[in-house]
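In what follows, a structure is listed as structure tokens, so that the remarks can point back to it.
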């Protein structure tokens, strides 16, 4: 079996062109564009880009965000460094 | 920081590079040209053993450094901008640069300035977050909280995307793989094994998956599985169920 390692992407991302495979349109009867979501819907799943101060760990900040927003789950994708600045 | 179901997307952020600004302190006097020369050697693939105080197993790893710019040299302090693969220890990188320079060096300060789609521009402090939440909760003002909460889709901007038909959406929400007939548009450059995002024509994230075909195959083929679904984000029933179960066929 061949295991594929996912391709890495540089920090600035990659520009990609869109290719049309077939034609179809979406119905307005169901679904919702991301920009039309209510705040409650956003709180069910969203990202917050936090300017983390030096000092507290990402884990601590994660639990504060959870408390501020009153939601059940948060997670971070912080650095491996325990004591520095992070987004 | 991922909230709610966005936590499922964190592993997809690990494949994208990170950018840091860092202050490196040299332990001796070195000429600026020499510093720039040594820093250039650290661009590309580097070997790195994680530092003693680290969050991962300390074995030699290979990491990609995309760019390493010397922004400023002020005596023994060197300001660096580094673009590197996730999981690169900048603290160790500074140490290693110091070793090559011969005088030794350590990292004094570090700030992450970019992690894929998340940059310093859309960054908020914890105080901003609290204020925005209170404005919304107590005064019904949505302006601030909307600026702070980034939709799920912000976290998959860096991935190659598949846009699918409304009729294919609910099947994927139930865990089905994405087959060729369900695809409307795709982004070019997709290779087998890539982590990809499946979106509706309205731009909502449905699921993450692994491409099981190359771009050319997807364009050419009329049938077959194009993406193996690995993580479903959208809840079932958001779109109507348009497939028939075996029981209904009988």
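Values quoted throughout were computed directly from the atomic coordinates according to the rules given, and no laboratory measurement underlies them. Treat the numbers as computed from the prediction; the structure is a model and nothing was measured. Note that each Cβ is placed from the backbone with ideal geometry, even for glycine, and that neighbours are counted across all protein chains shown.
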Here the gain from full extension of residue B:128 to residue B:60, 0.36 nm per residue of separation minus their alpha-carbon distance, amounts to 20.4 nm
Most fluctuating residue given options B:139, B:99, B:120, as computed from a GNM of chain B linking Cα atoms under 10 Å: B:139
Average partner chain C-beta neighbours within 10 Å, per residue of B:156-168? 3
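Would you mind giving the mean number of other chain beta-carbons within 10 Å of the Cβ of each residue in B:179-185, as a whole number?
That average works out to 4.
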Under a Gaussian network model of chain B whose springs join Cα atoms within less than 10 Å, the largest fluctuation of B:205, B:60, B:68 belongs to B:60
Footprinting exposure proxy for B:185, B:192, B:75 (fewest neighbouring C-beta atoms within 10 Å first): B:75, B:192, B:185
Using alpha-carbon coordinates alone, the radius of gyration and Dmax of the protein assembly as shown in Å work out to 22.6, 83
Inter-site label distance for residue B:241 and residue B:192 at 7 Å from Cα along Cβ, in nm: 3.4
Viscosity 0.692 mPa s, temperature 37 °C: give me the Stokes-Einstein translational D for segment B:17-115 in µm²/s, with Rh taken as the Kirkwood radius over C-alpha pairs. 245
Roughly how many whole Å is it from the C-alpha centroid of segment B:73-123 to that of segment B:1-38? 6
Calculate log10 I(q)/I(0) of segment B:144-203 for q = 0.14, 0.18, 0.23, 0.30 Å⁻¹, where I(q) comes from the Debye formula with a single equal point scatterer on each Cα and nothing for solvent. -0.45, -0.70, -1.00, -1.35
State, in angstrom, two size descriptors of segment B:123-169 derived from its alpha carbons: Rg to one decimal place and Dmax to the nearest whole number. 15.7, 43
Relative contact order as a percentage, chain B, C-alpha pairs under 8 Å and 6+ apart, gives 17
Theoretical ellipticity at 222 nm over the protein assembly as shown - DSSP helices of four or more residues, -39500 (n - 2.57) apiece, nearest 500: -6500 deg cm²/dmol
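Considering every residue in A:31-39, what mean count of other chain Cβ atoms within 10 Å of its Cβ is obtained? Working shown, then result.
Details: counts 12, 5, 7, 11, 5, 2, 5, 2, 8.
Averaged over the peptide's residues, the number is 6.
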Mind listing the Cα extents of segment A:33-75 along all three principal axes, in Å, largest one first? 38, 19, 14
Points 7 angstrom from Cα along the Cβ direction at residue B:157 and residue A:36: gap in nanometres? 2.3
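Tell me the Kirkwood radius of chain B: reciprocal of the mean inverse pair distance over distinct alpha-carbon atoms, in Å.
21.4
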Relative contact order [Cα under 8 Å, 6+ residues apart], segment B:17-115, whole percent: 44
Order by protection proxy (mean Cβ within 10 Å, highest first), peptides B:218-230, B:27-39: B:218-230, B:27-39
For segment B:175-250, what is the Kirkwood estimate of the hydrodynamic radius, computed as the reciprocal of the mean inverse distance between distinct Cα atoms, to one decimal in Å? 13.4
Order A:7-14, A:34-41 from most to least packed using the mean count of other Cβ atoms within 10 Å. A:7-14, A:34-41
Once you have all Cα-Cα distances for segment B:1-66, histogram them in 5 Å bins from zero and send the whole-percent values. 3, 11, 13, 21, 20, 15, 9, 5, 3, 2, 0
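Set the Förster radius R0 to 41 Å, insert the Cβ-Cβ distance between residue B:214 and residue B:138 as r into 1/(1 + (r/R0)^6), and round the FRET efficiency to 0.05.
Details: r = 53 Å, r/R0 = 1.30.
Efficiency, rounded to the nearest 0.05: 0.15.
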Taking the highest mean first, how do the peptides B:6-17, B:160-171 order by number of other beta carbon atoms within 10 angstrom per residue? B:160-171, B:6-17
Only Cα pairs within less than 10 Å get springs; with that Gaussian network setup on chain B, which residue of B:22, B:103, B:173 has the largest fluctuation? B:103
Which percent, to the nearest 5, of DSSP beta bridges fully inside the protein assembly as shown are antiparallel? 90
